[in-house]
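First up is the structure itself, then whatever we jot down about it.
The values are calculated or read from the model by the stated rules, or taken from the named source; none is laboratory data. Owing to the predicted nature of the structure, the values given are computational and were not obtained by experimental measurement. Virtual Cβ from ideal backbone geometry, glycine too; neighbours counted across all protein chains shown. Heavy atoms of the whole protein, side chains included, go into the accessibility calculation; ligands, DNA and RNA do not. Shrake-Rupley method; radii C 1.70, N 1.55, O 1.52, S 1.80 Å.
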Amino acid sequence: MIFLGCIFSIIGSVFTMSIEKIVFDEKYYNRVIKEYAYNSFTAEHINFSLGNLSKEELQAKWLCHDGGDLFAEDFRKGKKCIIATGFGLSGVPHVGTLSQILKAVRLQRAGIPVSMVIGDLDAYNNKNTSLYKTLELVEPYRKFIISLGFDVSNSILRAQFDDLDTLRVFYLIGRYMDDNLFDKAEEDLHGSHRKSVQKNSNTKMYFRRKLSLGLMTADFINLYMREKYDHVLVMLGIDEHKFVGLAKEVTKRINKDVNEDYFTDFNLKIGGIYTTIIKGFNNFPKMSKSIKGSGITVDMKPEKIKDLIMNKEGTYDSPENNVVYQMIANASLYDLNEIKRAYLACKHDIQKWLKIKKDYADMLIDVCSKWKK
């Protein structure tokens, strides 16, 4: 098997909830890509770069895109373009969060501005986190993100609570939203998890989740309304890809409203670039702040982090199904050669793999030490 084809599609394995199975594997990824007509980064015809990120680097770090080529073309032409991402503040960062932050830093270093939203209000509604707790996390998150290399001089790093302008945009775009639109945007894992813990439940989205997702959509649209960005490429995990679809549908409805007098000459382009899922320890479907025991958090003691990486990877049939290799490929600033060495060692050389795991554990412990420093 050719190495690049291996690392470009990081594969999960089969995970079981109490009622139904969630499968983040190659079959799942291929189904989503085919159903929504996304473009896989493994395809031969991918012939664009983002900033100074090469085609090969894109393939190594991301799974697929929806309009990434159009974004790259507009960026090359000098139009005002930005990558948008963010996360909720329901707890301290975990490796999945770290992956998104480091990818944002890599994009910045490639010359592309990034908007990163620290989702305090998202956690308040979506995760039912107390307002005091989520607001208390804003400043530690901000400092941590900057300590990892995020450059605020040419990008955006903000929380939601004090951004009343975006809240107003959320209200204004509310006329273009309806219950059906939100229900279609529910992510697979959340709906299945709810069905597993609540008898007779379904995948209809809770009202407070609709508030959270509506505000996320306003975050994207206000990059155009306030910051004058013509093209927004949203970076999320593939399990959240439907959120971008909702935002695109809202922009279409705005454009079709001939009576609209606020969003005049509205011409925002929205696309998506999606990452694979880092599987969780203890056989969980992914690393998540809301799934206890699924991953590594930045406040863990160094010896615990090292033990998980060195001794808890479990059985695997290929590097793609190894949680530690997935972390190395996604939650690091390793270059292609370093990722390739990790892949080959994980597959063929146990002694080299032990050394690579130790080095990665040391790097991750150093990164985690920056939390609340």
Between residues in region 206-219 that are free of Cβ contacts under 8 Å to residues at least 60 places away in the same chain and open to solvent by 10 Å² or more (accessible area, probe 1.4 Å) and residues that are of a type in the set (Val, Ile, Thr) and part of a helix (DSSP H, G or I), which pairs lie under 8 Å by C-beta distance while being six or more apart or on different chains? none
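Here are Phe170, Phe144, Phe150: which of them is over 19 Å from the mean Cα position of the chain (by Cα) and modelled with pLDDT of 95 or more? Full working, then the answer.
Working: Phe144 fails: over 19 Å from the mean Cα position of the chain (by Cα); Phe150 fails: over 19 Å from the mean Cα position of the chain (by Cα).
Of the residues listed, the single one that is over 19 Å from the mean Cα position of the chain (by Cα) and modelled with pLDDT of 95 or more is Phe170.
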List the residue pairs whose Cβ atoms are under 6 Å apart, where the first residue sits in region 174-196 and is under 17 Å from Leu246 (Cα atoms) and part of a helix (DSSP H, G or I), the second is modelled with pLDDT of 80 or more and open to solvent by 60 Å² or more (accessible area, probe 1.4 Å), and the two are 6 or more positions apart or on different chains. Tyr176/Arg253; Asp183/Lys204
So, in region 336-367, of the ones that are open to solvent by 10 Å² or more (accessible area, probe 1.4 Å) and touching a residue at least 60 places away in the same chain (Cβ under 8 Å), which residue ends up farthest from Val298 (Cα to Cα)? Leu344
Every listed condition ((1) out of contact with any strand residue (DSSP E or B) (no Cβ under 7 Å at 6 or more places or on another chain); (2) open to solvent by 40 Å² or more (accessible area, probe 1.4 Å)) holds for Asn39 save (1)
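Could you list, in sequence order, all residues of region 202-257 that are of a type in the set (Asp, Glu), touching a Ser or Thr at 6+ places or on another chain (Cβ under 9 Å) and closer than 13 Å to Ile270 by Cα?
The initial filter retains those residues of region 202-257 that are of a type in the set (Asp, Glu), namely 219, 227, 230, 239-240, 249, 257.
Add one more test, that the residue is touching a Ser or Thr at 6+ places or on another chain (Cβ under 9 Å), and what stays is 219, 227.
Once the filter is applied, which keeps residues that are of a type in the set (Asp, Glu), touching a Ser or Thr at 6+ places or on another chain (Cβ under 9 Å) and closer than 13 Å to Ile270 by Cα, region 202-257 yields only Asp219.
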From the option list Ser155, Ser192, single residue qualifying as small (Gly, Ala, Ser), closer than 28 Å to Ile277 by Cβ, crowded, with 16+ Cβ neighbours inside 10 Å and modelled with pLDDT of 95 or more is Ser155
Among residues of region 51-68 being farther than 17 Å from Ser332 by Cβ and of a type in the set (S, T, N, Q), the residue least open to solvent (accessible area, probe 1.4 Å) is Ser54
A careful count of residues in region 227-254 that are open to solvent by 10 Å² or more (accessible area, probe 1.4 Å), farther than 21 Å from Cys64 by Cβ and out of contact with any Leu (no Cβ under 8 Å at 6 or more places or on another chain) gives 4
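Can you find, within region 273-324, the residue that is most open to solvent (accessible area, probe 1.4 Å) among those that are assigned to a helix (DSSP H, G or I) and in contact (Cβ under 8 Å) with a residue 60 or more places away in the chain? Talk me through it step by step, then tell me what you get.
Step one: of region 273-324, the residues assigned to a helix (DSSP H, G or I) are 281-283, 302-311, 319-321, 323-324.
Keeping just the survivors that are in contact (Cβ under 8 Å) with a residue 60 or more places away in the chain gives 283, 302, 305, 319-321.
Details: Asn283: 94, Pro302: 67, Ile305: 2, Pro319: 3, Glu320: 9, Asn321: 23 Å².
Here the answer is Asn283.
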When you check Lys372 against the structure, is it open to solvent by 50 Å² or more (accessible area, probe 1.4 Å), on the phi > 0 side of the Ramachandran plot and touching a residue at least 12 places away in the same chain (Cβ under 8 Å), yes or no? yes
Options Ile10, Ile22: the member that is at pLDDT below 75, open to solvent by less than 60 Å² (accessible area, probe 1.4 Å) and part of a strand (DSSP E or B): Ile22
For Arg142, are the conditions met, namely being open to solvent by 20 Å² or more (accessible area, probe 1.4 Å), of a type outside the set (A, V, I, L, M, F, W, C) and part of a strand (DSSP E or B)? no
Of (1) farther than 23 Å from Lys269 by Cα; (2) at pLDDT 85 or above; (3) touching a helix residue (DSSP H, G or I) at 6+ places or on another chain (Cβ under 7 Å), Val92 satisfies every one except (3)
